[in-house]
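Data first, discussion second: the structure below is written as structure tokens.
The values are calculated or read from the model by the stated rules, or taken from the named source; none is laboratory data. This structure is a prediction, so every number in the text was calculated from the model and none was measured. We place every Cβ from the backbone using ideal geometry, glycine too, and count neighbours over all the protein chains shown. The protein model used for the area step is the full one, side chains on, heavy atoms only, and it has no ligands, DNA or RNA in it. Shrake-Rupley method; radii C 1.70, N 1.55, O 1.52, S 1.80 Å.
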Protein chains: 2
Amino acid sequence: MNSKYVIGLDFGTNSVRALIVDVAGGEEIATNVCDYAHGEAGIIIDPKDPDLARQHPEDYIRGTKACVQQALKEASSNKDFSPEQVIGIGVDTTGSTPMPVDESGEPLAFQKEFKDNPSAMAWLWKDHTGHAEAEEITALAAKMRPQYLAKCGGTYSAEWFWSKLLHCLRVSPDVVEAMYTWVECADWIPGFLTGTTHPDKVKRCICAAGHKAMFNPSWNGYPDVEFVGALDERLVRIRETLPDHAYNIADTAGSLTDAWSKELGLPAGIPVAVGAFDAHLGGVGCGIVPGVLVKIIGTSTCDMLVTPMDKDLPDIPGLCGIVPESILPGAYGLEAGQSAVGDIFNWYVNYINPGGDGKGSHEALAAGAEKLKPGESGLLGLDWHNGNRTVLVDQRLTGLLLGMTLHTTPAEIYRTLIESTAFGARTIIERFVEYGLKVDRVVNCGGISVKSPLVMQIYADVTGRAMEVSQSEQTCALGAAMSAAVVAGKANGGYDNFAEAAKAMTGVRDKKYVPNAKNKAVYDRLYKLYRQLHDIHGTKEYSENLFDLMKELLAIRDEVRK
Amino acid sequence: MNSKYVIGLDFGTNSVRALIVDVAGGEEIATNVCDYAHGEAGIIIDPKDPDLARQHPEDYIRGTKACVQQALKEASSNKDFSPEQVIGIGVDTTGSTPMPVDESGEPLAFQKEFKDNPSAMAWLWKDHTGHAEAEEITALAAKMRPQYLAKCGGTYSAEWFWSKLLHCLRVSPDVVEAMYTWVECADWIPGFLTGTTHPDKVKRCICAAGHKAMFNPSWNGYPDVEFVGALDERLVRIRETLPDHAYNIADTAGSLTDAWSKELGLPAGIPVAVGAFDAHLGGVGCGIVPGVLVKIIGTSTCDMLVTPMDKDLPDIPGLCGIVPESILPGAYGLEAGQSAVGDIFNWYVNYINPGGDGKGSHEALAAGAEKLKPGESGLLGLDWHNGNRTVLVDQRLTGLLLGMTLHTTPAEIYRTLIESTAFGARTIIERFVEYGLKVDRVVNCGGISVKSPLVMQIYADVTGRAMEVSQSEQTCALGAAMSAAVVAGKANGGYDNFAEAAKAMTGVRDKKYVPNAKNKAVYDRLYKLYRQLHDIHGTKEYSENLFDLMKELLAIRDEVRK
């Protein structure tokens, strides 16, 4: 009856999950998922515009109630557990997922006037409506503030804070006029649990601000007024509502309000940690420390690394972001990633579906692919079906498959798609190492790491590094729960820092994928060829390159489709 | 009852066809196909060696009897027809399909000692067992007799006469010792019909000799003794059995023997024309004349062009062959081709079969592909799944598909595969034009030209030229029948030359595929990109190219598979 528990809330693309974790040993004693009510699978879409993807903030509130209550109910079957033993709550969300709020911090979406206006909703991470604005911001920054771009891989994305705000201004100036400020759901959600959504009180997290909103202490926070005004004068007022300081996950957003404590049946006043993005807290949930690369492998990947802040870090070309304390307090957080991994395999299975359902399932293709030796198909691919996030930071790149003969089989192609993502993964690791960062271990989490031994073994063979797999299947929620344990503190049954929390609450599975030297030797040769294709199609390093080829194809496509 | 008829015999890979044609109007009044009895679908194979493909010469004899008798029976239902009105026979075959014969011209395969020895059979065109010997011959010719290579695109093929003979010597020296000479089935078949198989009498056709056996009048016929001896001393004896002169299809191989006339029920002594390869007589059956490109589109393509011999023709790099009179008397015959066309579409449907049988048929995919506009998929491909015959003459090239996104559909890929073969076709046409040859019209024949309006329209749009389709669906057999009409001569109810025969006996369909200017404009842009990929992967013209990339992949594949 001395056990203490923490709750991690993981706000995803389609649903929210509550995870209740035993602080002492990290045991996950209960979990519940609540689907969002609005839109299609929680996403408000526009049949006329495939780029549009929004969420209704009401879903965050209702979802929190439902999944926490249900998880507590489930946990109660455990005789050691009672809700009074919960000592804190942590929150992770997708991002950048910002939304407009009024002067009191209420979402505009809650006002009658705006309740059906998609511009007044939360602009989900994968909303790409602001792609033209992203290019505009990149171009302006290149001219006025190149330092802003150096921290985000050289290109500001359509998925991020300012692109979305600028696009909102262009399509719904009334929404921008009516909003007081623009806030990430990663900040607003801890805000509503703690009664701190008011713009004067809401704590902006460094994870969202640093990776997506061009916040950096080296230029005193958000982009300056001159820059923002050069984008559009009307944004200056919004810029002035943004604070000069941002917080990390060791900070408390506030205390759980009485109303919420009654609603959920939890102790009043327990701390709620400052939020962060799912991938970053996924890194925490995998026990990230300097030297450990965490790979979150799902439809796409996030590759997370931390390094102490005691020495300066060079800008690393092609990285999505380098932000102080975005993952762990006291360390630089480095985020890299692949724009599609599981999505490529799913495309092949769901869209191409070779041989039909009986033969084209992941299981059937993997069974065939497993029997093949590296190199024996003569195939090679580029994993760019959704662009390349790291190290090329170029969304206008596309997939490539080479080496087909009249005998090429579906399983050979499936294996080649896996290998192409493994080569992409190796390119990221090599970029880190090239810039002096240590990668002593690789810990994987996410669905594929658990479900596909084939993928994990190929990753080990291609990178020449052992692939470990996180014990938890809910590393993002676990990371959020760990932030709750840290903000609760040792005095209240939690921990004083993340090193202690990680030691107690995280771990890897016994099964470790160790590189096979013979396979590695073949993959070393194939990787050289991959890099040739990668560089000739993705860079201008070759004197006569194919850099413009994929782009010209896309330009033709877009023109023809118009 | 004044009508005259000719018979075309078309010896294919799996069967032989007899076609009975009305000389006056080209009407095809009867046809019959007889499958070969030996091996699998007529091909003697070796489960241990996928390169081996042989035919039993007995099948040529039995097949001739069966299909001619059956076709005559069918023709008899026509009241204007009686067998006495047949004035000649023509023969086309696959090739190079040579075989060993004894001093009397009998195949070694008919001798008890050799009856089960694959080396004593006819070495079918697609037998690739001599690939090492082909390289050896190419290397020796490059050193000793570069002029030999200049007429066959720079590379001597594993599919050809000397590679097969040299390989036969290496694996079955007893067969070479027992043979008197080595003869193409295109020569031996007219020989047995006319009692001229004896090595002193058999007429070697210029089509086989010139395209496959390095025969050229400019060096007085076959490769000289010094060259052949440098390959292997034991081949000199065989070389000395080869004549200095070769014949074209306006020449008579001989007269139908009494025995055969009784067997078939045909007039004794009617002329049998000198043979030629199927594709070349297919050109004739399409009414080839200077300025008309004939495309025979099946699993692969042959592209045939003729040009008058009154002025010298430069060597054209990358062409499979330039041979005087190999197609029409008095004209150079030029042969180009694509190593795979229908085979690529079949690979996609049969091996990949996207979505299973219901969705992955040619019909279903074509229906989807037809709805797409040029360029709208953003995809581009290289049609090298079986290497590239023209203009790169490189069997170690492989297929490539580029531009895939997470939304790419099976129909988009299907269309792209078609387009890639169309770009390959355009490259061949441009090579001809670049060297001063006229291409005023393009006449297509072969299954795809009749069955796929989609393919024909794309070919028109990509090349910017109208695609006409031959009236006949049996152009090879028709061409053979036309050669019978010419060797019979006007005096006997035939024709004195091929121009007259073509005028009377060939034609194109009313439906002509005319280029769509808008599509052509998009395809011009795509073709530029195709050429970039083509050149960077297939040539060394770029200062930094990917010439070695596909080859290195194949080297890795071969090593791994060993």
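Odds and ends about this structure:
- Each residue was assigned an accessible area with a 1.4 Å probe, and for A:TYR36 the value is about 20 Å².
- Based on C-alpha pairs under 8 angstrom that are at least 6 apart in sequence, chain A has a relative contact order of 15 percent.
- Shape call, region A:297-407: gyration tensor on alpha carbons, a/c limit 1.5: prolate
- Hypothetical label at A:ARG234: residues of region A:153-177 whose amide nitrogen lies under 15 Å (7 Å Cα-Cβ projection): A:164-177
- Taking amide H positions as modeled 1.01 Å from N, with prolines and chain starts lacking one, the residues under 5 Å from A:LEU319 and 5 or more places away or on another chain are A:GLY153.
- Entry note: region B:508-547 has Rg to Rh equal to 1.28, where both radii use alpha-carbon atoms and Rh is the Kirkwood radius.
- When the listed pairs B:LYS79/B:LYS262; A:LYS126/A:LYS212; B:LYS164/B:LYS540 are checked against a 19 Å cut-off, the alpha-carbon distance exceeds it for B:LYS79/B:LYS262; B:LYS164/B:LYS540.
- Put a plus charge on the Cβ of each Lys and Arg, a minus charge on the Cβ of each Asp and Glu, and nothing anywhere else: the dipole of region B:436-562 about its Cα centre is then about 340 debye.
- Identity and axial distance of the chain B residue whose Cβ lies nearest the axis relating B to A, Å: B:GLY356, 1
- Under 5 Å between amide hydrogens, built in the peptide plane, is the criterion, and for B:GLY12 it picks out B:ARG17 among residues at least 5 positions away or on other chains.
- Taking each DSSP H run with n ≥ 4 as -39500 (n - 2.57) and averaging over every residue of chain B yields -11500 deg cm²/dmol at 222 nm.
- Modelled label reach - A:GLU40, point 7 Å along Cα→Cβ, region A:4-26 residues with backbone N closer than 18 Å: A:13-15
- Simple point charges give the picture: +1 on the Cβ of Lys and Arg, -1 on the Cβ of Asp and Glu, and for chain A a dipole about the Cα centre of about 1360 debye.
- Each copy carries a label point for A:GLY436 at 7 Å from Cα toward Cβ; from one copy, the others' points are 6.6 nm away, ordered from shortest.
- A point 7 Å from Cα along Cα→Cβ stands in for B:LYS451, and the other copies hold the same point at 3.8 nm, listed in rising order.
- Of all accessible heavy-atom area on chain B, the percent that carbon and sulfur account for (1.4 Å): 49
- Per-copy distances of the B:GLU113 label point, shortest first, in nm (7 angstrom along Cα→Cβ): 10.6
- Solvent-accessible surface (1.4 Å probe) assigned to A:ASP343 amounts to roughly 50 Å².
- Integer Hz, Karplus 6.51/-1.76/1.60 couplings in order for region A:201-207, x for Gly and Pro: 9, 4, 8, 7, 7, 5, 4
- Cα gyration tensor shape of the protein assembly as shown, rounded if a/c is under 1.5, else prolate or oblate by comparing a/b with b/c: prolate
- Paired Rg and Dmax values of region A:99-257, which use every Cα atom, in angstrom: 15.0, 46
- Accessible heavy-atom area order of B:ARG62, B:ARG17, A:ARG415, highest first, probe of 1.4 Å: B:ARG62, B:ARG17, A:ARG415
- The B-A contact accounts for approximately 5000 Å² of buried accessible area, totalled over both chains at a 1.4 Å probe radius.
- Calculated FRET efficiency, A:ASP200 to A:ASP51, Cβ-Cβ distance, R0 = 45 Å: about 0.85 to the nearest 0.05.
- On full extension, the segment bounded by B:SER15 and B:PHE110 gains 32.2 nm, given 0.36 nm per residue less the C-alpha separation.
- Of the cross-linked pairs A:LYS528/B:LYS373; A:LYS528/B:LYS562; B:LYS295/B:LYS518; A:LYS371/A:LYS520, those separated by over 26 Å at the C-alpha level are A:LYS528/B:LYS373.
- Calculated P(r) of chain A - Cα pairs past 45 Å, %: 13
- One Cα centroid belongs to region B:305-329, the other to region A:362-385; the line between them spans 45 Å.
- Rounded accessible area of A:VAL289 (nearest 10 Å², 1.4 Å probe): 60
- The residues neighbouring A:GLU28, those whose beta-carbon lies less than 10 Å from its own, together hold a net charge of -3 under the Lys/Arg +1, Asp/Glu -1 convention.
- Peptide B:531-537, shielding by other chains (average Cβ, 10 Å cutoff): 3
- With loop membership from DSSP and a limit of 11 other Cβ atoms within 10 Å, the longest segment of chain B without GluC sites (Glu not before Pro) is B:241-540.
- For region A:355-453: rounded, prolate or oblate by the Cα gyration tensor [a/c cutoff 1.5]: prolate
- In a simple Cβ point-charge model (Lys, Arg +1; Asp, Glu -1; nothing else charged), region A:356-463 has a dipole of about 160 debye relative to its Cα centre.
- Derived scalar couplings ³J(HN,Hα) [region A:100-113; Karplus, 6.51 cos²θ - 1.76 cosθ + 1.60; whole Hz; x for Gly, Pro]: x, 10, 8, 4, 8, x, 7, x, 4, 4, 7, 8, 3, 4
- Computed over region B:4-65, the P(r) tail beyond 14 angstrom holds 59 percent of alpha carbon pairs.
- Summed side-chain charge close to B:VAL202 - residues other than B:VAL202 whose Cβ falls under 11 Å, Lys, Arg +1, Asp, Glu -1: 0
- Residues with amide H under 5 Å from that of B:GLY254, placed H, sequence gap 5 or more: B:VAL272
- Proximal charge balance of A:LEU406 [Cβ under 15 Å; K/R count +1, D/E count -1]: 0
- A convex hull fitted around the alpha carbon atoms of region B:385-531 yields 148 Å³ per residue.
- For region B:257-330, alpha-carbon Rg over 2.2 N^0.38 Å: 1.46
- Pairs beyond 28 Å (Cα-Cα), from A:LYS151/A:LYS311; B:LYS201/B:LYS490; B:LYS311/B:LYS451; A:LYS65/A:LYS201: B:LYS311/B:LYS451
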